[in-house]
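The values are calculated or read from the model by the stated rules, or taken from the named source; none is laboratory data. These figures come from a predicted structure and were not determined experimentally. Reconstructed Cβ throughout: ideal geometry from the backbone, glycine too, with neighbour counts over all protein chains shown. Just the protein is used for accessible areas: all its heavy atoms, side chains included, with ligands, DNA and RNA removed. Shrake-Rupley method; radii C 1.70, N 1.55, O 1.52, S 1.80 Å.
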Amino acid sequence: MKRLSNMARYPSLRRDLPRVCFLSYRHIRELAAPVVAEYADRAEIEVVDGTFDRTLGIARDRAERGAADVFVSAGSNAHVLRGGLQAPVATIQLTGFDILQALLKARELADRVGIVMYGATIPELDAVKALLNIQIAQYAYQTPADARQHFETLRRDGFRVIVGSSLVVELAEQAGLTGFLAYSQASIRQGFNDALELARVARLEAGRYERLNSVLHTLQDAVLAVDGENRVIAANPRMQQLMGVASDALMGQDLARLQPELSLLATLEHGADERGRVQRFQGRDWIVNRSPIHERGMVAGAALTLYDARQIQEADVSLRMQHRRLQRSAKHSFEQLIGASPSFRQTLAAAKRYAHTDSTVLIRGESGVGKELFAQAMHNAGARATRPFIAVNCAAFPETLLESELFGYEDGAFTGSRRGGKPGLFEAAHTGTLFLDEIGDMPMPLQSRLLRVLQEREVTRLGATAAIPVDVRIVAATHQPLEKLIDTQRFRRDLYYRINTLRLALAPLRERREDVVLLAGVLLKRQFERVGCVLDVAAVLGVYAPMLQAYGWPGNVRELENLCERIAVFMTQFSTIDTVDWAGLRHECPELIASNANDDGIDWPSHHASAVAALKRHDGNRQAAAHELGISRSTLWRWLSQADDHLPVGG
């Protein structure tokens, strides 16, 4: 155990530097030594040998004595500390890039590498191992015993090089194998940055108690605070008005006796926040928050806030209107992208490769082919997955509004600007991904500003002079022929070459006919479940599959999804396949009729036609045809015998 005393080296430093306790195994401590030295003038750092069984006891001792403001650790140690301490804990996060760097080192020594990490395995490594041309076996552990068991499994299987946590590297060295630590100094540095921020917040929280009374009086909501004995120590005028008691009469009173329904005893006992609870008080509905007040990691009191439910509802409507255009997280992954056509598989493979880079990607394709879905999937499969994903449609805003949305503005930058200014989407997407949809429709003046941001990696708000550095990955998309726009001087050539680093072309659905039925099956199943349709999806799809494949799909996947929803709603009126009025759907889906028209009218599917078509697809195998249609063989036979059930439509 080593204590780095900054006060001895820097006598002029104030003694209110944040106190950081860094607990870890030996290998991470050794790797972190240069980083600890970097932070010598920013914090008092105590470095402690934090083996699994000692970590919590050491940390509790420091917390009880007030000897540390924040704790830093990694892996299982961090998990133990977070579960057993009320003090703030910063976790040194393992990134995909860390793993990749370790694997690159390990590949120099062996073509078979074992990985043993705390928490969970990393599915993305299956893609990486093909790129690195190595065999990877990975395990995840929860306890040191798990780690030893997995290590022994790898050793018995002949793995001589192991990548993992500090604990695993120690096991490898003890066994005479080669171990590579998966963490990097960059991850450790980020852990210390998080710790300093947590320490700052913790100190602010401790100081909040001392300043509480003056702050409460500035709030419009009803707020009061109690000490550790549930005695009122502060109440703002709004709360005094609601309780009908003057400030002098409130101070020092036991809140549980004074107003039992507002009591904070449970908050003091458990030290947990209680937020968003709806409570009736004084004949009105309130949204109630109960929060503990901490001093140096200990619960020293609690605060109660009553928000007027009517004002909350009004604010909610306003916020949803303001933010409905923005998406700050990516919901879709590669596993949700469906297709089996060669063009789709080729595009999907390229997108998966692109996901593991920070290079700019330009996605091209018609409206409705799923450009944003691919952008979200690449974000979620990359190193920025836990960071923001923000999408903006460049064609949906007027030029002046789009400029302020992208780049932000300072206070007073223009008439009607928000007081205090507003960060733009580039700032909001910092460390994440910014998806610029319909970039071909971006006005020329904004293209120039965008080009500068992409080149300099910094953004200047409207009305500001100082530039703000941003770390953003750009994914752009368009359905426009950018080359033609360049020729007509409606799109900057230099911007085109800046965003056209990695290219992803999404084929229209009419060029992926083999994917239509596959997609329709998934979409129909989803819609059947949503509307409560009890029919068998395969049976319904078997009837309409030829017509779906014959249609041109000008609206691509988006149009297919809409049509599947129409089919699902139509099918809710039938309880069994035998009762379906197949011809009745012609009014719901006229586009399918038009695409299947011939000189004699439209041959709309009937029971007989469906059965015949299914038999043809299965070379006369009645069992297979009946299974596809979701009916029994006897029903199939009945359908085949009902030739007069074939109803022509429009003739």
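Taking all protein chains in place and a 1.4 Å probe, what share, in percent, of the accessible surface of region 104-194 do carbon and sulfur account for? Ligands and nucleic acids excluded, carbon and sulfur reach 46 percent.
Of all the accessible heavy-atom surface of region 323-406, with the other protein chains kept in place and a 1.4 Å probe, what percent is carbon and sulfur?
Taking all protein chains in place, region 323-406 shows 50 percent carbon and sulfur surface.
Across region 391-487 the C-alpha pair distances fall into 5 Å bins from zero in the proportions 3, 13, 23, 26, 19, 10, 4, 1, 0 percent.
At the residue level, Leu268 shows approximately 30 square angstrom of accessible surface with a 1.4 angstrom probe and all protein chains present. Computed over protein heavy atoms with a 1.4 Å probe, the carbon and sulfur contribution to the accessible area of region 26-71 reaches 46%. For each pair in Lys525/Lys616; Lys129/Lys352; Lys105/Lys331; Lys129/Lys331, compute the distance between the two Cα atoms and list the pairs where it is over 22 Å. Among Lys525/Lys616; Lys129/Lys352; Lys105/Lys331; Lys129/Lys331, the Cα-Cα distance tops 22 Å for Lys525/Lys616; Lys105/Lys331; Lys129/Lys331. Extents of region 549-591, largest first, come to 32, 16, 15 Å (Cα atoms, principal axes, whole angstrom). The GluC sites (Glu not before Pro) of region 223-311 that DSSP puts in a loop, and whose beta carbon has at most 12 other beta carbons within 10 Å, are Glu229. Computed with the Debye formula from one identical point scatterer per Cα of region 76-116, without solvent, the log10 of I(q)/I(0) at q = 0.17, 0.20 Å⁻¹ comes to -0.61, -0.69. Extent along the principal axes, Cα only, for region 502-559: 44, 24, 15 Å, with the longest axis given first. Each of Gly75, Val288, Ala225 was placed along the dipole of the chain (beta-carbon charges, centred on the mean Cα), and the one lying farthest toward the positive end is Gly75. Take every Cα pair under 8 Å whose residues are at least 6 apart in sequence, average their separation, divide by the length of the chain, and the relative contact order is 8 percent. Computed over the alpha carbons of region 253-300, Rg followed by Dmax gives 12.0, 39 Å.
With +1 assigned to the C-beta of every Lys and Arg and -1 to the C-beta of every Asp and Glu, and no other charges, what is the dipole magnitude of the chain about the Cα centre in debye, to the nearest 20?
1360 debye
For the chain, the solvent-accessible area of protein heavy atoms averages 49 Å² per residue (probe radius 1.4 Å; ligands and nucleic acids excluded). Farthest toward the positive end of the dipole of the chain, out of Ala385, Ala520, Pro342, is the Cα of Ala385, where the dipole comes from beta carbon charges about the Cα centre.
Take every DSSP beta bridge whose two residues both sit in the chain; close to 45 percent of them are antiparallel. Of [x] 176; [y] 206; [z] 254, which is the value of volume of the Cα convex hull per residue in Å³ derived from the coordinates here? Entry [z]. Relative contact order of region 340-407, taken over Cα pairs closer than 8 Å and 6 or more residues apart, is 27 percent. Principal axis extents of the Cα atoms in region 36-125, from largest to smallest and rounded to whole angstrom, are 50, 30, 20. Based on every Cα atom in region 455-522, Rg and the maximum pairwise Cα distance Dmax equal 18.4, 55 Å. In the chain, the DSSP-assigned H stretches of four residues or longer account for a calculated mean residue ellipticity at 222 nm of -13500 deg cm²/dmol, using -39500 (n - 2.57) per stretch and the full residue count as denominator. Backbone amide hydrogens, once placed in the peptide plane, bring Asn230 within less than 5 Å of nothing, excluding anything fewer than 5 places away on its chain.
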